[in-house]
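Written below as structure tokens is the structure these notes are about.
The values are calculated or read from the model by the stated rules, or taken from the named source; none is laboratory data. Bear in mind that the values here come from a model prediction, so they are computed numbers and not experimental data. Note that we place each Cβ from the backbone using ideal geometry, even for glycine, and neighbour counts take in every protein chain shown.
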């Protein structure tokens, strides 16, 4: 196996944040991940009692939460701090947002249930278990985008403003603004 880290003095967390290959065993990353688990669990519990009172927990979990944005729990994240949600965006139940790289969700978006936003990638060559390498690429979702239930957005994808992604679509490449995309892999079937 190639030594990806030869002559690289950075920690695995520094490599992760730079979008380079890393091994996910960094102690600081583990602490941040545990923080996220605690906050997303507290948010879900508080939401049951009082949605407005739960909002500060969500704001603490995420890197940015726009005015009147609403996220129904449960929400599952790696860190939370690398996710921003724009104003007036609505996110339905069971969002999985693996924010090893930044995830930006624009304003006035509608995100269906069970959507996955996945920034991590893995090399395709076999690796020993102790040396599992990962990298990550950001995801950007423009303003006024609709993601249908069960849609999956893969690393490095940008979805342009005013686009609609059909339920169950797997978005493997950028979608231009004003587009309707469906399928696996998602393809644009018409302009909106």
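Selection of the stretch 139-151 for residues being surrounded by 24 or more Cβ atoms within 10 Å (Cβ to Cβ) and in a strand (DSSP E or B) yields 139, 141, 147. Can we say residue 135 is closer than 23 Å to residue 83 by Cβ and assigned to a loop (DSSP other than H, G, I, E, B)? Criteria not met by residue 135. Summed over the stretch 47-58, the residues that are within 9 Å of residue 73 (Cβ to Cβ) and more than 22 Å from the chain's Cα centre (by Cα) give a count of 1. Inclusion of residue 74 among residues that are touching a helix residue (DSSP H, G or I) at 6+ places or on another chain (Cβ under 7 Å), surrounded by fewer than 16 Cβ atoms within 10 Å (Cβ to Cβ) and free of Cβ contacts under 8 Å to residues at least 60 places away in the same chain is warranted.
Quick grid of which residues meet (1) at pLDDT 95 or above; (2) over 24 Å from residue 185 (Cβ atoms); (3) crowded, with 16+ Cβ neighbours inside 10 Å:
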position	(1), (2), (3)
79	yes, yes, yes
126	no, yes, no
137	no, no, yes
153	yes, no, yes
157	yes, no, yes
164	yes, no, yes
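Screening residue 173 on (1) under 22 Å from residue 66 (Cα atoms); (2) more than 15 Å from the chain's Cα centre (by Cα) shows it passes everything except condition (1). State the number of residues belonging to the stretch 25-60 that are surrounded by fewer than 17 Cβ atoms within 10 Å (Cβ to Cβ) and touching a strand residue (DSSP E or B) at 6+ places or on another chain (Cβ under 6 Å). So the answer is 1. Residue 22 passes every criterion in (1) under 29 Å from residue 143 (Cβ atoms); (2) in contact (Cβ under 8 Å) with a residue 24 or more places away in the chain; (3) in contact with a helix residue (DSSP H, G or I) (Cβ under 7 Å, 6 or more places away or on another chain) apart from (1).
In the set (1) more than 17 Å from residue 133 (Cα to Cα); (2) in contact (Cβ under 8 Å) with a residue 12 or more places away in the chain, residue 55 fails one condition alone, (2).
Every condition in (1) over 19 Å from residue 141 (Cβ atoms); (2) at pLDDT 95 or above is met by residue 7 except one, and the failing one is (2).
Scan the stretch 32-50 and give yes if some residue there is part of a loop (DSSP other than H, G, I, E, B) and more than 17 Å from residue 120 (Cα to Cα), otherwise no. Checked against the condition, which is being part of a loop (DSSP other than H, G, I, E, B) and more than 17 Å from residue 120 (Cα to Cα), the stretch 32-50 yields at least one hit.
Determine whether residue 87 is crowded, with 18+ Cβ neighbours inside 10 Å and either assigned to a loop (DSSP other than H, G, I, E, B) or at pLDDT 95 or above (or both). No. Might you check whether a residue that is at pLDDT below 95 and out of contact with any helix residue (DSSP H, G or I) (no Cβ under 8 Å at 6 or more places or on another chain) occurs anywhere in the stretch 173-192? Yes: one or more hits.
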